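Here's the structure, in structure tokens; my notes come after.
The values are calculated or read from the model by the stated rules, or taken from the named source; none is laboratory data. Since we're looking at a predicted model, the values are computed, not measured. Here the Cβ positions follow ideal geometry from the backbone for every residue, glycine too, while neighbour counts run over all protein chains shown. These area figures cover heavy atoms from the full protein model, side chains too; ligands, DNA and RNA do not enter into them. Shrake-Rupley method; radii C 1.70, N 1.55, O 1.52, S 1.80 Å.
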Amino acid sequence: MSIRLLKTLADTVDTVSMDVPLLTRIMELCLEDIKDDAQLHFVLEAIIRESKSGTLTMDSYQRIIKGMP
């Protein structure tokens, strides 16, 4: 595989890294507060967006849920 192809593949795959406290809180959010598919997709898109800057922590939580429908 060429380096160009590897870079293209790496750019198309979203990867999320978060600490366990945030993972626990996100799971609680899904269990207790997420009521429909639109809310779930909103949170997922926010997690992906926030993860572009590195590992997510509880400090990321308010930015993830801000504006949730």
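Worth a mention:
- Hits in the range 19-51 (condition: over 22 Å from residue 69 (Cβ atoms) and either touching a helix residue (DSSP H, G or I) at 6+ places or on another chain (Cβ under 9 Å) or modelled with pLDDT under 95 (or both)): 19, 21
- Selected residue (criterion: surrounded by the most Cβ atoms within 10 Å (Cβ to Cβ)) from residues of the range 51-67 that are closer than 10 Å to residue 17 by Cα and touching a strand residue (DSSP E or B) at 6+ places or on another chain (Cβ under 8 Å): 56
- Consider the range 15-25 and keep the residues that are more than 17 Å from residue 53 (Cβ to Cβ) and either assigned to a strand (DSSP E or B) or hydrophobic (A, V, I, L, M, F, W, C) (or both). The one that is least open to solvent (accessible area, probe 1.4 Å) is 23.
- Condition met for residue 5 (modelled with pLDDT under 95, of a type outside the set (Asp, Glu) and open to solvent by less than 100 Å² (accessible area, probe 1.4 Å)): yes
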